[in-house]
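Have a look at the structure below, then the notes.
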Amino acid sequence: QKEVEQDPGPLSVPEGAIVSLNCTYSNSAFQYFMWYRQYSRKGPELLMYTYSSGNKEDGRFTAQVDKSSKYISLFIRDSQPSDSATYLCAMSSPNFGNEKLTFGTGTRLTIIP
Amino acid sequence: DSGVTQTPKHLITATGQRVTLRCSPRSGDLSVYWYQQSLDQGLQFLIQYYNGEERAKGNILERFSAQQFPDLHSELNLSSLELGDSALYFCASSLGVVATEAFFGQGTRLTVV
């Protein structure tokens, strides 16, 4: 079993829709949670970072963390064609050996105009 | 611009050869991480350096090695190259030893022919 599970999609939604992306994890040592956006063959771009359970909002993006369920989500409101990309969840731990980013496999998202 | 610089952007080389990939982290960041991404695959962690010292190792092949220099830039050396080593190689950096808010470079695309 992988430490971080993410539905690979692909996911296609119409422009303006709300998008929900999710990851589950098994390692309870993970304390820091990030979402990255990666355009084709480009470097991952950090979208959101959070370290506590609850919601964090930044513009059209909301990150949600539920540590008790080991479940994180990213919501995109008013989705735009420019949001079409692969979205990767990532997490890390303060414990020695788990300090690096552990990634999900990524969800490929297409926003249809 | 993430502030992380990778060179070269593209590299084409023959099997059996050796190459060196270079990464300059964001100003002030002490940790450098190397990841490999094969076609349509997730990000595989290779190795982490923190302030010049190796901190964590992933599934890095014995043919691969890395180091971080006193000025904090890092190099990833790949030797005895095989066709299967063709991939995108990303470098990321973060301020501290734990990967929170890590920023990625644009990657080096390695093609082994």
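List of remarks:
- Of the strands (runs of 3 or more DSSP E) lying entirely inside the stretch B:1-58, those containing at least 1 residues that are crowded, with 16+ Cβ neighbours inside 10 Å and more than 14 Å from chain A (Cβ to nearest Cβ) span B:10-13, B:19-24.
- Cβ separations smaller than 7 Å between residues 6+ apart or across chains give the following pairs from the stretch B:82-95 residues that are within 9 Å of B:ARG109 (Cα to Cα) and in a strand (DSSP E or B) to residues that are at pLDDT 95 or above and among the β-branched types (Val, Ile, Thr): B:TYR89/B:THR108.
- Residue pairs whose Cβ atoms lie under 7 Å apart, separated by 6 or more positions or on different chains, with the first residue in the stretch B:1-16 and more than 21 Å from B:GLY84 (Cα to Cα) and among the hydrophobic types (A, V, I, L, M, F, W, C) and the second assigned to a loop (DSSP other than H, G, I, E, B) and at pLDDT below 95, do not occur.
- Against the numbered list (1) assigned to a loop (DSSP other than H, G, I, E, B); (2) within 9 Å of chain B (Cβ to nearest Cβ), A:SER40 comes up short only at (2).
- Enumeration of residues in the stretch B:56-87 that are of a type outside the set (S, T, N, Q), touching a Gly at 6+ places or on another chain (Cβ under 9 Å) and more than 13 Å from B:CYS23 (Cβ to Cβ): B:ALA56, B:PRO70, B:LEU81, B:GLU82
- Selection of the stretch B:90-113 for residues being under 11 Å from the mean Cα position of the chain (by Cα), more than 9 Å from every other protein chain (Cβ to nearest Cβ) and within 23 Å of B:ALA14 (Cβ to Cβ) yields only B:THR108.
- Among (1) crowded, with 21+ Cβ neighbours inside 10 Å; (2) modelled with pLDDT under 95; (3) farther than 16 Å from A:SER93 by Cβ - the single one A:ARG41 does not satisfy: (1)
- Failed condition for B:SER65, given (1) within 14 Å of chain A (Cβ to nearest Cβ); (2) over 18 Å from B:THR5 (Cβ atoms); (3) in a strand (DSSP E or B): (1)
- Filter result (in a loop (DSSP other than H, G, I, E, B) and either away from chain B (no Cβ under 14 Å) or over 18 Å from B:GLN44 (Cβ atoms) (or both)) within the stretch A:104-113: A:PRO113
- Within the stretch A:58-103, tally of residues that are in a loop (DSSP other than H, G, I, E, B), buried (at least 17 other Cβ atoms within 10 Å of the Cβ) and touching a Gly at 6+ places or on another chain (Cβ under 7 Å): 1
- Checked across the stretch B:3-26, the condition of being under 21 Å from A:ASN95 (Cβ atoms), within 13 Å of the chain's Cα centre (by Cα) and β-branched (Val, Ile, Thr) holds for no residue.
- Residue within the stretch A:6-20 that is at pLDDT 95 or above, surrounded by 15 or more Cβ atoms within 10 Å (Cβ to Cβ) and under 15 Å from A:GLY104 (Cα atoms) present: no
The values are calculated or read from the model by the stated rules, or taken from the named source; none is laboratory data. Everything numeric in this text was worked out from a predicted model, so none of it was measured. Every residue, glycine among them, receives a Cβ derived from its backbone with ideal geometry; neighbour counts consider all protein chains shown.
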